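Taking it in order: structure first as structure tokens, then the write-up.
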Amino acid sequence: QKEVEQDPGPLSVPEGAIVSLNCTYSNSAFQYFMWYRQYSRKGPELLMYTYSSGNKEDGRFTAQVDKSSKYISLFIRDSQPSDSATYLCAMSPNYGGSQGNLIFGKGTKLSVKP
Amino acid sequence: DAGVTQSPTHLIKTRGQQVTLRCSPKSGHDTVSWYQQALGQGPQFIFQYYEEEERQRGNFPDRFSGHQFPNYSSELNVNALLLGDSALYLCASSPAATNEKLFFGSGTQLSVL
């Protein structure tokens with residue numbers, strides 16, 4: 001079993017839809033959870049960063065962490081064609097500058113159709 | 001303010017050859033991490049450099065080595081290239097002294113034929 005499991009999709013939704021992206025993990029040492037967005041031929045860009053269980057909102061994006069179930073989610077409201085990208089979840093037992101050893105999921109490829 | 005810059009953007013090598021990839025961190029960052037991203041996979045941690053020393057290492061063979069220079073820039077060297085080394089190699093930087101997050105470059109696409 002991989003440490004981080006993420007459904008690779010692809011996922012195709014109409015513009016304006018609510019998108020739900022999920023990851024499960026097996027390592028209880030993971031304390032810090034991140035969502036990255038990666039456009040084609042580009043490096044990952046940090047979207048959301050959470051520590052505790054619960055929800056964190058930033059504009060149209062909401063990150064949810066359930067440590068008891070080892071399950072994290074990213075919700076995108078009012079999805080736009082510009083949201084079309086690959087979304088990667090990432091986790092680490094470490095915080096801040098020492099977090100070089102991020103463990104990533106495979107990524108989910110999202111396409112938002114106009 | 002330039003972000004993380006990597007060179008070259010694309011590279012084609014033959015099996016058995018050696019390759020060197022280069023990374024300049026974001027201004028103010030002193031820690032550099034390298035990741036390998038195979039097609040359709042998430043990035044995998046190779047190693048991290050801080051103060052010109054390897055601080056952490058992932059599950060990669062000794063064919064993968066690195067270096068960090070006094071100006072914080074870094075190189076990734078891969079010896080005896082295998083077909084399976086074909087991937088996007090990503091460099092990420094962060095400041096060790098604060099809890100700022102990783103910033104990634106656009107990567108070097110390596111193809112091994």
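Each value in this text was obtained by applying a stated rule to the coordinates, not by laboratory testing. Computed from a predicted model, the values in this text were never measured in an experiment. Glycine gets a Cβ as well: all are built from the backbone with ideal geometry, and neighbour counts include every protein chain shown.
What translational diffusion coefficient, to the nearest whole µm²/s, does chain A have by Stokes-Einstein, given a Kirkwood radius computed over alpha-carbon pairs, a temperature of 25 °C and 0.890 mPa s viscosity? Don't skip to the end; give the middle numbers.
Numbers: Rh = 14.2 Å.
Diffusion coefficient, whole number: 173 µm²/s.
Restricting to Cα pairs below 8 Å that are 6+ residues apart, what does the relative contact order work out to for chain B? Please round to a whole percent. Mind dumping the intermediate values first?
Details: 297 pairs, mean separation 41.2, N = 113.
Value for chain B: 37 percent.
Output the Cα-based Rg and Dmax of the range B:61-113 in Å, rounding Rg to one decimal and Dmax to a whole number.
So, for the range B:61-113, Rg and Dmax equal 13.4, 42 Å respectively.
Going Cα to Cα from B:Lys26, which lysines come in below 25 Å? Please leave out same-chain ones fewer than 8 positions away.
Leaving aside lysines fewer than 8 places away in the same chain, those within reach of B:Lys26 are A:Lys42, B:Lys101.
Only counting other Cβ atoms within 10 Å, I'd like B:Ser106, A:Ser26 sorted with the fewest neighbours first.
Values: B:Ser106 17, A:Ser26 11.
Ranking B:Ser106, A:Ser26 by Cβ neighbours within 10 Å, fewest first, gives A:Ser26, B:Ser106.
Non-local amide H neighbours of A:Met48 (under 5 Å, H modeled in plane, Pro and chain starts lacking H): which ones?
A:Trp35
Pick from A:Gly43, A:Gly59, A:Gly16: which residue has the top mean-square fluctuation in a GNM of chain A where Cα pairs under 10 Å get a spring?
A:Gly59
If the chain between B:Gln18 and B:Leu39 were fully stretched, how many nm would it gain, using 0.36 nm times the residue separation less the Cα-Cα distance?
Values: separation 21, 0.36 × 21 = 7.56 nm, distance 2.10 nm.
Here the answer is 5.5 nm.
Compute the distance from the alpha-carbon center of the range B:1-32 to that of the range B:35-113, in whole Å.
That distance is 8 Å.
Could you identify which residue out of A:Lys67, A:Lys42, A:Lys56 has the top mean-square fluctuation in a GNM of chain A using Cα springs shorter than 10 Å?
A:Lys42
Taking other Cβ within 10 Å of each residue's Cβ, how do B:Val32, B:Val112, B:Val4 sort, fewest first?
B:Val112, B:Val4, B:Val32
In peptide B:53-63, what is the residue-averaged number of other protein chain Cβ atoms found within 10 Å of each Cβ?
Neighbouring Cβ atoms belonging to other protein chains average 1 per residue here.
In sequence order, what are the phi-derived ³J(HN,Hα) couplings for the range A:3-14 according to the Karplus relation 6.51 cos²θ - 1.76 cosθ + 1.60 with θ = phi - 60°, rounded to whole Hz, with x for glycine and proline?
Residue by residue, the range A:3-14 yields 5, 10, 10, 9, 5, x, x, x, 10, 10, 9, x Hz.
Can you put B:His29, B:His67 in order of Cβ neighbours within 10 angstrom, beginning with the fewest? List each step's numbers first, then the result.
Working: B:His29 21, B:His67 13.
Fewest-to-most ranking of B:His29, B:His67: B:His67, B:His29.
Percent antiparallel among DSSP beta bridges with both residues in chain A, to the nearest 5? Walk me through the intermediate numbers first.
Working: 37 of 41 bridges.
The antiparallel fraction comes to roughly 90 percent.
Under 5 Å between amide hydrogens, which residues at least 5 positions from B:Gly42 or on another chain qualify, with H placed 1.01 Å from N in the peptide plane?
Excluding prolines and chain starts, which carry no amide H, the hits are A:Lys106.
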